[in-house]
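Structure first, then comments.
Computed from the coordinates by the stated procedures, all read-outs in this text should not be read as laboratory data. The structure displayed is predicted, hence computed values, not measured ones. So basically every Cβ, Gly included, is an ideal-geometry build from the backbone, and we count neighbours across all protein chains shown.
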Amino acid sequence: MPASPQLFTPWSLGPLALPNRIVIAPMCQYSAVDGQAGDWHRMHLGGLAASGAGLLIIEATAVSPQGRISTGDLGLYDDACEAALRRQVDALRGYSSLPLAVQLGHAGRKGSSQRPWEGGRQIRSDAPGGWVAEAPSATAHADGEEPPQALDAAGLDRVREAFVQAALRAVRCGIQGIELHAAHGYLLHQFLSPLSNQRSDAYGGPLQNRLRFPLEVFEAVRAALPPSVPVWVRVSATDWVDGGWDLPSTIEFGRALAALGCAALHVSSGGLSPRQQIPIGPGYQLGLAEAVRQAVGLPVIAVGLITEPAQAEAALNAGQADAIALGRALLWNPRWPWHAAAALGASVDAPPAYWRSEPRGAKGVFTGSKVGQR
């Protein structure tokens, strides 16, 4: 194993310096109240902030109440949401210097849904807890679901501005980076895919038209923020459905984003259609990340069943990605970066209160852990 594993080398996400290349992917908790982060988030984010990762991306955060997936979604659409998130960031900063980003999104036609542990089904607009979803076109996500309302020109303006205002709120909270969610079948992805975008105006039809609204959102957010705050995009590189959004289209989208100052691409896949056929397996999206990285030229964060330290290190050494994101693997094992550092012969930052937890065979994994031991 190399003396300095790639996974633990510093990396710059645009102007944001990261201590290593382990990214905590945004993972919805469905545990907010009226969009506001609470005690669950204090516990959840606090544990992740002590993980030793290079970057923590806070879960998909709705830019409007109508843009939530469920009533439990985190939001940044009013002063109360902003104040609640600011309290969480302030608490984290008392004990961790881990760089923080947030993923901003809008659920589109996948909104007004139950929490996953309640079944995840759509809640009709006339039922308790439901609302009228909005999308590029009045085309339901799945058979039997209530169709969303197609966004008109005023609606597009409203949603675009909601992304801008949420980004500004995030920065006021102390967030250091913004990821725009254009993946997994949510609103921006819905504009991209011909399966969900049936518009006949300037925002539908040919690829360049379908790119237009997501690019407008990115450009507006990028223009509203200081240069010190990087903005990047999570994409689904393919719908895994014939005739849907695909890798060549993703590459075109990535090149257009690069021209607008996008800092990176976070490459995932799927989520738009129940008809998707995903070839699930270890690292199943790494080939997509590599293809995007080679064709677009932007730094790429890879994600998807990358669960072992050696697997992550191999992907970086092979040039498949610039950084590795973990989601559910870090929920299962919030100390994954510690264990990866031990396995690869590296060191990682950890709170001093935890330094004595090092196993006998892993001394020196924690930065500074040999100081003051008794």
Zero-based 10 Å bins, Cα pair distances in the stretch 6-362, whole percents: 5, 26, 36, 25, 7, 1, 0
Between P65, P359, P248, which gets the highest mean-square fluctuation from a Gaussian network model of the chain, Cα cutoff 10 Å? P359
At the level of C-alpha centres, the distance separating the stretch 146-181 and the stretch 9-51, in angstrom, is 20 Å
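Report for the chain the percent antiparallel among DSSP-assigned beta bridges with both residues inside it, nearest 5. Could you put the intermediate results ahead of the total?
Working: 5 of 39 bridges.
Of the beta bridges lying entirely in the chain, close to 15 percent run antiparallel.
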Only counting other Cβ atoms within 10 Å, I'd like L168, L18 sorted with the fewest neighbours first. L168, L18
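Got a sec? How would D73, D152, D78 order by Cβ neighbour count within 10 Å, fewest to most?
Taking fewest neighbouring Cβ atoms as first place, the list is D152, D78, D73.
Given the DSSP H assignment, sum -39500 (n - 2.57) over each helix run of at least 4 residues in the chain and divide by its residue total; what's the result at 222 nm in deg cm²/dmol, nearest 500?
Working: 10 runs with 117 residues, N = 374.
Counting only the DSSP helices, I get -9500 deg cm²/dmol.
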Pick from G94, G129, G304: which residue has the top mean-square fluctuation in a GNM of the chain where Cα pairs under 10 Å get a spring? G94
If I build a Gaussian network model for the chain, linking alpha-carbon pairs within less than 10 angstrom, which residue out of E358, E146, E134 has the largest mean-square fluctuation? E358
